[in-house]
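Enquirer: Would you mind keeping the following structure in view while I ask a few things?
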Amino acid sequence: MGNWTDISQVLNDKIPVWPGDTPFHYEVSWGMEESGSVNVGQVTMSTHTGTHIDAPFHFENDGKKVIDLDFNLYIGPAKVIHLQNPASIGVKEVESLDLQGVKRLLIRTDAWQDKTVFPESIPHIEPELAAYLAEQGVQLLGLDLPSVDPLDSKELSAHHELNNQGIHILEGLVLDKIEPGEYELAALPLPLEQADGSPVRAVIREIK
Ligand SMILES: N[C@@H](CC(=O)c1ccccc1NC=O)C(=O)O
Ligand SMILES: [Zn+2]
Ligand SMILES: [Zn+2]
């Protein structure tokens, strides 16, 4: 087995966030001089910043929260596919690929090139893809995009339909150097009891 590769965005005060959302901020709130012995930090951030998972509570008031999600889903074999700049991602875009038995599917689109700015538009997941993927066995869908729905969507149809089909969502991956293939993935959410989402440190390694 080879080395693990980090496929997470670096969290710093410059990371772009959803328009209007809480900016990321880290500071040492209790410094060495004051405390006499240690630096103690404080983080302010939205749960949808950088590489993160969505819990169903993000888009449904009675949906599962992060602590309710089975963390086993976020560790294990994953397939990476590469779609070259699709306008949207539907059955047509993936039907030539063998996805049978794929539990974790990561889609590289390269559509969010400059990760220092929030994208103006993105290819979205067509809601009809959810049932197709579920039939193949997909339970986790990861993307190199900040959302599975169009950025101006208020219905969040893809979020809802993926959830209806039992597919969990991982967003904001960095896949631009990752070749299509079979990998192991680890992208564990934090044990946030009340949360609608969680940042993750996502890493993969090739299965050889
Ligand atoms: N669905 C997006 C986030 C999202 O929609 C959002 C995030 C922060 C503030 C507002 C948001 N949507 C507002 O319509 C996501 O899952 O990351
Ligand atoms: Zn999110
Ligand atoms: Zn989302």
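Throughout, read-outs are computed from the coordinates displayed, never taken from laboratory work. It should be emphasised that the depicted structure is a prediction, and the values quoted were computed from it without experimental measurement. Cβ coordinates were reconstructed from backbone atoms using ideal geometry, including for glycine residues, and neighbour counts include every protein chain displayed.
Enquirer: What is the local net charge at Val40, summed over the other residues whose Cβ is closer than 13 Å to its Cβ (Lys, Arg +1; Asp, Glu -1)?
Expert: It works out to a net charge of -3.
Enquirer: Hey, fewest Cβ within 10 Å first, where do Thr47, Thr22, Thr116 land in order?
Expert: Thr116, Thr22, Thr47
Enquirer: Compute the length gained on full extension between Phe71 and Lys208: take 0.36 nm times their separation in residues and subtract their Cα-Cα distance, giving the result in nm to one decimal.
Expert: Taking Phe71 through Lys208 to full extension adds about 46.9 nm, to one decimal.
Enquirer: Sum up the charges of everything whose Cβ sits under 13 Å from the Cβ of Asn12, counting Lys and Arg as +1 and Asp and Glu as -1, but leave Asn12 out. Kindly include the intermediate steps, with their values, before the conclusion.
Expert: Working: positive: Lys14, Lys115; negative: Asp13, Glu27.
Residues near Asn12 contribute 0 overall.
Enquirer: Place the peptides 33-44, 120-131, 7-18 in order of packing, highest mean first, counting for every residue the other Cβ atoms within 10 Å and averaging per peptide.
Expert: 120-131, 7-18, 33-44
Enquirer: To make sure I understand the rule: partners must be lysines, Cα under 22 Å from the Cα of Lys65, and not fewer than 8 residues away in the same chain. Which ones qualify?
Expert: Lys103, Lys154
Enquirer: Roughly how many nanometres apart are two label points built 7 Å out from the Cα toward the Cβ at Glu95 and His25?
Expert: In this crude label model, Glu95 to His25 measures out at 5.1 nm.
Enquirer: What whole number of Å gives the distance from the Cα centroid of segment 155-208 to the Cα centroid of segment 1-41?
Expert: Distance between centres, Cα-based: 20 Å.
Enquirer: Would you please classify the overall shape of segment 62-208 from the alpha carbon gyration tensor, given that a ≥ b ≥ c denote the square roots of the eigenvalues, rounded means a/c under 1.5, and beyond that prolate means a/b larger than b/c while oblate covers the rest?
Expert: Numbers: a/c = 1.18, a/b = 1.07, b/c = 1.11.
Since a/c stays below 1.5, the shape of segment 62-208 is classed as rounded.
Enquirer: Also: Who wins for biggest fluctuation among Lys115, Lys177, Lys64 in a Gaussian network model of the chain, springs between alpha carbons below 10 Å?
Expert: Largest GNM mean-square fluctuation: Lys177.
Enquirer: Could you work out the relative contact order of segment 5-206, using alpha carbon pairs under 8 angstrom and six or more residues apart, expressed as a whole percent?
Expert: Relative contact order here is 31 percent.
Enquirer: Continuing with this model, one more query. Report the gain in length on full extension from Glu155 to Ala87: 0.36 nm times residue separation, minus Cα-Cα distance, nm rounded to one decimal. Mind dumping the intermediate values first?
Expert: Numbers: separation 68, 0.36 × 68 = 24.48 nm, distance 1.93 nm.
Between Glu155 and Ala87, full extension yields an extra 22.5 nm.
Enquirer: Say the dipole of segment 5-206 comes from +1 at the beta carbon of Lys and Arg and -1 at that of Asp and Glu; which of Val117, Leu145, Phe71 then lies farthest toward its positive end?
Expert: Phe71
Enquirer: Also, quick follow-up: I'd like the GluC sites (Glu not before Pro) in segment 145-208 restricted to DSSP loop residues with at most 14 other Cβ atoms within 10 Å, sorted by number. Provide the component values of the computation, followed by the final result.
Expert: Details: sites: Glu155, Glu161, Glu171, Glu182, Glu184, Glu193, Glu206; in loops: Glu155, Glu193.
Those that pass, being in a loop and sparsely packed, are Glu155, Glu193.
Enquirer: Which net charge results for the neighbourhood of Gln165, defined as the other residues with beta-carbon distances under 11 angstrom from its beta-carbon, given Lys and Arg at +1 and Asp and Glu at -1?
Expert: Numbers: positive: none; negative: Glu128, Glu135, Glu161.
Once positives and negatives cancel, what remains is -3.
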